[in-house]
Amino acid sequence: MRQLFYFLIIIVIAGMLLPENTQIPVNGASSSDFNDASFWAYPWGTSGTHKGIDIFAPEHTIVRPASGGLVLHTGYNDVGGNYALVLSAKWRLHYYAHLDSVYKPAFSWINKCDVLGEVGTTGNAAGKDPHLHYSILSIVPQPWMIDRENPEGWKKMFFIDPGEYLSKN
């Protein structure tokens, strides 16, 4: 049992040490195509708090992963529409939503050069300007990030501001 524990600790540490070489996930987009202030904005429609940023681009613009990793899940839900969830370095989950289409299946490896999907207006973005909703979740909690001003503020310990994340790399 002790050996399993040590093995898990080594896996967690190794994941935290993997380098992140990131990019803005929408082809041709720059920081001027998203509003940094939209991260953790409240109130925000049916989702309550906006837990990511929206990167605006013409419909069908190519979406590539911000960081390579393992596609854990793809699917559809009423809020995010067509979406993909990618596990990358530092044990971070990258959530890409409102995609017109998703090209990579679950449990496939993806690198930054691969096409993940296309910008769209699916889910609660129907009838709005085409954009990619991009969120980053940390599997490792960051309790110092809790926002006591927001009704969902405790959840912020699991989210990373994508605008800051993309501008640092």
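Taken over segment 60-79, the criterion of being of a type in the set (Ser, Thr, Tyr) and either in contact with a Cys (Cβ under 6 Å, 6 or more places away or on another chain) or surrounded by 19 or more Cβ atoms within 10 Å (Cβ to Cβ) (or both) is satisfied by THR61, SER67, THR74. Cβ-Cβ contacts under 9 Å between residues 6 or more apart (or on different chains), taken from a first residue in segment 148-160 that is among the polar types (S, T, N, Q) to a second residue that is surrounded by 16 or more Cβ atoms within 10 Å (Cβ to Cβ), are listed as ASN150/TRP40; ASN150/THR49; ASN150/LYS156. The set of residues from segment 36-59 being assigned to a loop (DSSP other than H, G, I, E, B), open to solvent by 20 Å² or more (accessible area, probe 1.4 Å), over 15 Å from TYR165 (Cβ atoms) and in contact with a Gly (Cβ under 8 Å, 6 or more places away or on another chain) comprises just one member, GLU59. Taken as a whole, the structure leaves ASN82 outside the set of residues that are open to solvent by less than 60 Å² (accessible area, probe 1.4 Å), of a type in the set (S, T, N, Q) and outside any strand (DSSP E or B). Residues in segment 106-147 that are small (Gly, Ala, Ser) and free of Cβ contacts under 8 Å to residues at least 40 places away in the same chain: ALA106, SER108, GLY127. Summed over segment 145-168, the residues that are under 18 Å from SER88 (Cα atoms), outside any helix (DSSP H, G or I) and open to solvent by 90 Å² or more (accessible area, probe 1.4 Å) give a count of 0. Can you work out which of the residues in segment 60-79 that are under 20 Å from ASP129 (Cα atoms) and not in a strand (DSSP E or B) is nearest to the chain's Cα centre (by Cα)? Only one residue tops the list, namely ARG64.
Looking only at residues of segment 118-146 that are more than 18 Å from the chain's Cα centre (by Cα) and closer than 25 Å to PHE56 by Cβ, we find that the one that is modelled with the highest pLDDT is ASP129. Given the criterion hydrophobic (A, V, I, L, M, F, W, C), more than 25 Å from MET16 (Cα to Cα), out of contact with any His (no Cβ under 7 Å at 6 or more places or on another chain) and surrounded by fewer than 18 Cβ atoms within 10 Å (Cβ to Cβ), identify the matching residue among ALA126, ALA89. Going through ALA126, ALA89 in turn, the sole match is ALA126.
The values are calculated or read from the model by the stated rules, or taken from the named source; none is laboratory data. In this text, all values refer to a predicted model and were calculated from it rather than measured experimentally. Methodologically, a virtual Cβ is constructed for each residue, glycine included, from the backbone with ideal geometry; neighbour enumeration extends over all protein chains shown. Surface areas here come from the heavy atoms of the whole protein model, side chains and all, with no ligands, DNA or RNA. Shrake-Rupley method; radii C 1.70, N 1.55, O 1.52, S 1.80 Å.
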